[in-house]
1. Averaging over every viewing direction, what projected area does the convex hull of the Cα atoms of region 42-196 cover, in nm²?
2. Taking the Cα atoms of region 95-155, report the difference between the largest and smallest coordinate on each principal axis, in whole Å and largest first.
3. Under the rule of -39500 (n - 2.57) per DSSP H run of 4 or more residues, summed and divided by the residues of the chain, what mean residue ellipticity at 222 nm is obtained, to the nearest 500 deg cm²/dmol?
4. Please compute the net charge surrounding E3, taking Lys and Arg as +1 and Asp and Glu as -1 over other residues with Cβ under 13 Å from its Cβ.
5. Which whole-Hz ³J(HN,Hα) couplings does region 83-99 yield from phi under the Karplus relation 6.51 cos²θ - 1.76 cosθ + 1.60, θ = phi - 60°, glycine and proline marked x?
6. With θ set to phi - 60°, apply the Karplus curve 6.51 cos²θ - 1.76 cosθ + 1.60 along region 105-112 and write out the HN-Hα couplings as whole Hz, x wherever there is a Gly or Pro.
7. With a probe of 1.4 Å, find how much accessible area region 1-123 has per residue, and write the answer as a whole number in Å².
8. Which of the residue pairs K2/K104; K139/K184; K16/K139; K17/K68 have a Cα-Cα distance greater than 26 Å in the structure shown?
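The values are calculated or read from the model by the stated rules, or taken from the named source; none is laboratory data. Note that the coordinates shown come from a computational prediction; the quantities given were computed from them, not determined experimentally. Every residue, glycine as well, gets a Cβ built from its backbone with ideal geometry; the counts of neighbours run over all protein chains shown. These accessible areas exclude ligands, DNA and RNA; they are computed on the full protein's heavy atoms, side chains included. Shrake-Rupley method; radii C 1.70, N 1.55, O 1.52, S 1.80 Å.
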Amino acid sequence: MKEITVEGQKRNGLGKKAAKLLRKEGLVPCNLYGEAKGENGLPVAMAFTSSAKELRKIVYTPHVYVIKLVIDGEEHTAIMKELQFHPVTDALLHVDFYEINEEKPITIGIPVKLNGLAQGIRDGGRMNLSVRKINVKAKYQDIPEHLDIDVTNLNIGKSIKVGELSFDGLEMVTSKEVVVCSIKATRKSQQAAAEQ
């Protein structure tokens with residue numbers, strides 16, 4: 001997995017009013033959940049802000065990153081867990097990060113990459129990619145940048161399901177019945193079949 005560094009500052013003012021003021025300054029309120037424990041032994045969320053410009057490089061990309069969060073000089077290793085966007089303007093409103101360590105496995109969505117020219121496409125069919133990401137569970141060092149799926153032998157009317165895939169060191173979390181990709185018949189392929 002690729003690594004990227006994001007700078008941030010702890011924030012004191014919590015609530016809607018404080019968040020609104022931060023957004024006016026071009027900052028995005030964020031939370032880091034994870035390893036830090038509170039008085040009762042439960043994980044505590046650390047509230048911080050980061051500039052919208054800084055977060056752009058990890059939000060608007062198809063890649064999955066391990067993020068080195070540098071909050072007031074303190075380093076944390078994390079992954080992006082959840083994003084909130086404004087329903088009208090699509091502006092980034094809030095980001096949740098989840099702190100990770102080398103021992104604990106994490107669950108994360110990894111982009112799918114289809115490799116090869118499918119037989120069904122050669123026969124005039126059309127490739128239909130149903131899911132862009134598959135959720136996997138593994139230690140973060142073992143997680144690849146993308147999942148390579150060979151579609152060379154895929155024919156018209158056939159599909160590849162998550163249950164048919166396996167990758168070393170990764171546990172599939174997405175349901176086995178989910179269709180990853182399939183090849184649909186087109187008019188051209190149906191005419192070719194009728195002429196034979």
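1. 12.8
2. Cα extents, longest axis first: 48, 24, 12 Å.
3. So the calculated ellipticity at 222 nm is -4000 deg cm²/dmol.
4. +1
5. In residue order, the calculated couplings are 10, 10, 10, 5, x, 9, 7, 6, 6, 6, 9, 7, 10, 10, 10, 10, 6 Hz.
6. 3J(HN,Hα) across region 105-112, in whole Hz: x, 10, 10, 8, x, 10, x, 9.
7. Ligands and nucleic acids excluded, the figure is 59 Å² per residue.
8. The answer is K139/K184; K16/K139; K17/K68.
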